[in-house]
Every structure is written in structure tokens, then in C-alpha cells.
Amino acid sequence: MGNMYGFDIGGTKIEFAVFNDKLEALYTQRAPTPRDDYTQFIQVLTEFIHTYDVKSNITGTVGIGLPGQQTPDGMTRCNNIPCIDGSYLQADLEKLLGRPIKIANDANCFALSEACEKNLIGASSVLALILGTGFGAGLVINGRLYAGHNGAGLEVGHTRLPWDAQELLGNDFPLVSCRCGRVGCLDHYLSGRGYADLYNQNHNTCQNHYISAEEITTRYYQGEPEAILHTNRYLELLATCISGFVSILDPEVIIFGGGLSNFNAIYDRLPALLDKHALNGSPPPLFEKLRLVIQEESEAPHY
Ligand SMILES: [Zn+2]
């Protein structure tokens with residue numbers, strides 16, 4: 001087997017990595033994502049590949065993870081990166097590079113890669129939830145990815161708030177319009193971005209300084225009452241929504257990724273909160289933190 005090229009494509013940057021057949025990383029490189037210029041976008045990818053092909057004298061295989069989907073007829077849907085939305089990226093790259101190209105949703109790539117880690121091999125089902133720029137999910141059943149009939153399954157970020165959201169988030173919570181055309185999508189409330197946005201909206205009086213999710217979690221541990229109130233509401237909403245997923249899927253393991261997955265309060269408090277919201281008698285899944293490093297802004301598909 002030769003070298004494998006992996007691309008993790010986000011809304012702001014493209015990460016390129018080369019692996020040998022033992023899955024050891026040989027080389028990594030980054031470039032800003034050309035969001036509005038398809039020709040330039042293709043050029044960035046092909047240049048990385050050609051350069052390493054020449055350097056190693058091996059024609060590597062190519063896999064791409066991006067925040068979108070491939071339709072059954074091969075079209076790429078990705079509103080987060082306008083220049084590739086509606087394109088035939090896979091076919092165009094295959095023509096230019098003379099080899100098969102694999103493209104998959106990044107949340108699915110995350111789920112599959114985590115499920116292949118030593119401690120999770122053999123798990124009957126692994127649900128990966130990304131708390132990053134967006135709120136996304138991937139599901140692996142008996143070692144195989146379940147992406148749905150059209151590759152558009154597990155779009156948890158575009159399911160909507162439960163009826164008791166007002167009680168959980170406070171009476172003054174904003175009902176956010178989503179780019180998918182609907183209102184109240186979980187993406188705006190359960191993502192790391194949503195966690196920070198809601199805090200800033202409700203508790204930040206200095207409009208010139210946006211308080212990041214990381215800073216809010218620090219304030220939570222320092223005992224700031226607003227950060228504690230905000231986090232309590234967030235975790236309660238997260239538990240309510242996850243209890244719905246558990247009722248549908250009953251996964252053996254739930255693994256978290258994305259920037260906010262580093263927040264230990266999630267692992268400390270979620271099992272008890274979930275117990276409160278879950279159907280009587282069902283044992284909770286095992287909660288795990290991501291093991292593999294993924295791009296900070298690796299995120300749910302956006303519309
Ligand atoms: Zn939506």
C-alpha cells in the first residue's frame with residue numbers, strides 16, 4: 001500500500017495530512033479555505049497532492065472530510081463553503097488527479113475514526129456528537145458508518161428545540177433563525193458557538209468584547225454566578241436533547257468532539273442529568289471524550 005492523503009476541510013482552513021500504511025502521519029500542511037473561488041479551491045487541493053506525489057515518488061490515495069454531503073448523484077452540498085456547494089468536486093478531482101477520490105461528511109469521519117480507536121473497537125454502537133462551531137453527529141454501528149439512505153442522516157443540528165426549551169433556557173432566550181430556513185435549530189443552542197452566543201446575549205454587558213466559550217468555562221470553574229446559571233441551563237438542555245437521541249438509538253457509547261468537548265463539566269454532570277430526562281429504567285450510555293485531534297472548527301454541516 002502507498003501513502004494516504006487526508007484532507008480535513010473546514011470553513012476557514014484546509015488541513016492536509018499524509019499517512020503511511022501503518023496510519024502514521026508523515027507530513028501535515030495547512031492553507032486557508034478559498035470559500036468563494038472554485039478554481040482556487042481545486043488548485044489548493046491538487047497542489048498539495050501533486051507536490052507530495054513528486055516528493056515521495058508514490059501516487060497516494062485521497063480521502064476528504066468536509067462539512068457537507070455528497071448527494072447520490074455525486075453533487076457536493078456544502079453551504080458553509082459556497083464555491084463547492086452544488087459542484088461535482090469528486091468527479092472534477094478524479095479527472096484532474098487520475099485516481100478515485102473519497103468524500104465524506106466530517107462528523108461521519110470523526111465518528112468512524114473514533115470508533116476505530118482501540119478502546120472502542122467492538123462497541124456495538126458509537127454516537128459521536130460535535131460541540132464545535134456547529135452541533136453535528138455521526139453514528140457507527142458494529143464498526144460501520146450509518147449515514148442514512150441519502151448520506152444525509154444524523155443531522156441533529158437541524159432538529160429543533162424541545163417544547164420545554166423556554167423553561168430550560170430562561171424566558172428571554174432568543175429564537176434564532178437558521179440558514180436551513182427553519183427557526184430554533186439545535187445548532188444555535190448546543191454547539192460551542194451557541195453556548196458562547198447565549199452567554200454573551202444574556203450576561204455580557206460589554207458589547208465590544210465577545211466572551212469565548214473557553215473563557216465562560218473558566219468563569220464557571222471560578223464560580224461566577226452568571227457562568228454557573230448559564231452552564232446549568234446549557235447542560236439541562238443538552239441532557240434533554242440527548243435523552244431523545246438515546247430513546248431512538250440506545251447507543252453503547254456517546255463520544256464528544258469539537259472545542260467545547262474539552263469542558264469537563266459535561267462528563268461530570270451529564271450522566272446524572274440524563275438519568276433525570278431518560279425513559280425509566282434505561283441504563284445510560286458510556287460518555288467519552290475525543291481521542292484523536294481534529295481541527296478546531298471541524299463542524300456540523302451548515303445550511
Ligand atoms: Zn437549521
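The values are calculated or read from the model by the stated rules, or taken from the named source; none is laboratory data. No experiment lies behind these values; they were computed from the predicted model shown. Using ideal geometry, Cβ is built from the backbone for each residue, glycine included, and neighbour counts are taken over all protein chains shown.
Brief remarks on what is shown
- Of all the numbered requirements in (1) within 16 Å of the ligand (Cβ to nearest atom); (2) assigned to a strand (DSSP E or B), Ala152 misses one, and that requirement is (2).
To keep it simple, each residue is scored yes or no on (1) farther than 27 Å from Ile248 by Cβ; (2) touching a residue at least 12 places away in the same chain (Cβ under 8 Å); (3) polar (S, T, N, Q).
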{"site": "Asn80", "(1), (2), (3)": "no, yes, yes"}
{"site": "Glu94", "(1), (2), (3)": "yes, no, no"}
{"site": "Ser113", "(1), (2), (3)": "no, yes, yes"}
{"site": "Ser125", "(1), (2), (3)": "no, yes, yes"}
{"site": "Gly132", "(1), (2), (3)": "no, yes, no"}
{"site": "Leu139", "(1), (2), (3)": "no, yes, no"}
{"site": "Arg144", "(1), (2), (3)": "no, no, no"}
{"site": "His149", "(1), (2), (3)": "no, no, no"}
{"site": "Gly153", "(1), (2), (3)": "no, yes, no"}
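Yes/no per residue for (1) without any contact (Cβ under 8 Å) to a residue 12 or more places away in the chain; (2) among the small types (Gly, Ala, Ser):
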{"residue": "Asp53", "(1), (2)": "yes, no"}
{"residue": "Asn57", "(1), (2)": "yes, no"}
{"residue": "Ala91", "(1), (2)": "no, yes"}
{"residue": "Leu97", "(1), (2)": "no, no"}
{"residue": "Ala107", "(1), (2)": "no, yes"}
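- Number of the condition not met by Glu299 [criteria: (1) away from the ligand (no atom under 16 Å from the Cβ); (2) at pLDDT below 90; (3) not β-branched (Val, Ile, Thr)]: (1)
- Taking the criterion of being modelled with pLDDT under 85, of a type in the set (S, T, N, Q) and surrounded by fewer than 16 Cβ atoms within 10 Å (Cβ to Cβ), the residues of segment 115-174 that qualify are Asn119, Asn150, Gln166, Asn171.
- The selection criterion, being in contact (Cβ under 8 Å) with a residue 60 or more places away in the chain, aliphatic (A, V, I, L, M) and either assigned by TED's automatic domain parsing to the domain that holds Phe135 or closer than 17 Å to Phe287 by Cα (or both), holds for Ile242.
- Checked against (1) loosely packed, with under 13 Cβ neighbours inside 10 Å; (2) out of contact with any strand residue (DSSP E or B) (no Cβ under 8 Å at 6 or more places or on another chain), Val183 meets all criteria but (2).
- Criterion applied to Arg233, Arg179 was being within 16 Å of the ligand (Cβ to nearest atom), more than 20 Å from Leu279 (Cα to Cα) and within 23 Å of the chain's Cα centre (by Cα), and the one residue passing it is Arg179.
- Residue in segment 131-147 that is at negative phi, within 16 Å of the ligand (Cβ to nearest atom), among the β-branched types (Val, Ile, Thr) and in a helix (DSSP H, G or I) present: no
- Being at pLDDT 95 or above and in a helix (DSSP H, G or I) holds for only one residue in Ile248, Ile228, and it is Ile228.
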